[in-house]
Amino acid sequence: MIDLHIHTTNSDGEFGVVQILEKAESKGLNVISITDHNNINAYDEINSMNVRKLYSGEIVIGVELEFIYKGRLFDMLGYGLDLDVMKQSEIIKEGFIHSTIEGQTEILDRLKYICDKLGIKYSKDLEITSPNNMANDVLVDDILKCSDNKDILSSMNIVDRSSFYRKHFCEPSSPFYIDQTKGKRDIFYVTSLIHQAGGLAFFAHPFVYHLPNIKDTLDEIVSLNIIDGIECAHRKHTEEEITFLIDYCNRHKLRKSGGSDFHIDRHYLGYANKGNYAIDDDLVRDWIGLVKKL
């Protein structure tokens, strides 16, 4: 089994690097990649430790980079990267975009204001307490705990962090929408950076964006001839969606990847489809030996 989409406390994950390595070892994962948002600090940590005491498998150097395409925010996974090249890029120098307490407090205040208008209850002492506490996650975790919000949240299809982030926080038609595209790079910047660093660029979790016609978007992005593959297996992808993406990659001669997008314990490390689909080594066997590893 493998997992090529894992987050740590260096971005918005719940667990540190050591804990992730221990979890990967305990689950018998053969290949992993830590793919923090716009951040590669995990690899400095790994290089400073005796990693083989914690994890016996292969570690592919990875990152998840935000990008803008047609006014909407998407994610690109980069694998097999030269860390020195990546560290010279502006996006990595700036670090994780959502990392400041002040910036996320401002966003949280705006989300609270929207809750007040909609009649959604939240804890009055709710606040951002540390860097990388993303306001959207802090808010949705809190409002889901209040039983008085059950009906309105159900009507808005807000059931977890992902549904709130993708269907509301990033969706222009939602009252919770906050434009996050300012200062973000486009698809050409992120794919060029990944390739300059000797890596491969994979369009991340296509079905997570809840687009009306994901095939059209895939066709458009693939026609640019700048991506190397697609993340087919993902925690939020159904088995039908995984099968569709694998077939799509095969027909378009694209490489395939997979990962849980692990942030917290219930994200099924090593599994897609909400823990029902083990991500097998065979998915990446045609390219995993070509990329840079630690």
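The values are calculated or read from the model by the stated rules, or taken from the named source; none is laboratory data. Source: prediction; values computed, not measured. FYI the Cβ positions are ideal-geometry reconstructions off the backbone, even for glycines, and counts take in every protein chain you see.
Of all residues in region 174-181, none are surrounded by 14 or more Cβ atoms within 10 Å (Cβ to Cβ) and outside any loop (DSSP other than H, G, I, E, B). Of everything listed in (1) within 29 Å of I158 (Cβ to Cβ); (2) of a type in the set (A, V, I, L, M, F, W, C); (3) crowded, with 19+ Cβ neighbours inside 10 Å, the single unmet condition for I264 is (3).
Residue-by-condition table, conditions (1) modelled with pLDDT under 95; (2) hydroxyl-bearing (S, T, Y):
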{"position": "Y189", "(1), (2)": "no, yes"}
{"position": "H210", "(1), (2)": "yes, no"}
{"position": "I214", "(1), (2)": "yes, no"}
{"position": "V222", "(1), (2)": "no, no"}
{"position": "G229", "(1), (2)": "no, no"}
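Could you check, for region 69-80, whether at least one of its residues is over 27 Å from F164 (Cα atoms) and not aliphatic (A, V, I, L, M)? Scanning region 69-80, I find at least one residue that is over 27 Å from F164 (Cα atoms) and not aliphatic (A, V, I, L, M), so the answer is yes. Within region 157-176, residues that are in contact (Cβ under 8 Å) with a residue 24 or more places away in the chain have Cβ atoms under 8 Å from residues that are among the charged types (D, E, K, R) and in a helix (DSSP H, G or I) in these pairs: R161/D137; R161/D141; Y165/D137; P175/K117, counting only partners at least 6 apart in sequence or on another chain.
Could you please find all residues in region 26-71 being more than 30 Å from I221 (Cα to Cα), among the charged types (D, E, K, R) and either assigned to a helix (DSSP H, G or I) or at pLDDT below 95 (or both)? Result: D44, E45, R52, K53.
Conditions tested, residue by residue: (1) surrounded by 20 or more Cβ atoms within 10 Å (Cβ to Cβ); (2) of a type in the set (S, T, N, Q); (3) free of Cβ contacts under 8 Å to residues at least 24 places away in the same chain; (4) outside the structural domain of L224 (by TED's automatic domain parsing).
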position	(1), (2), (3), (4)
I68	no, no, no, no
D75	yes, no, no, no
D84	no, no, yes, no
I92	yes, no, no, no
V140	yes, no, no, yes
C146	no, no, no, yes
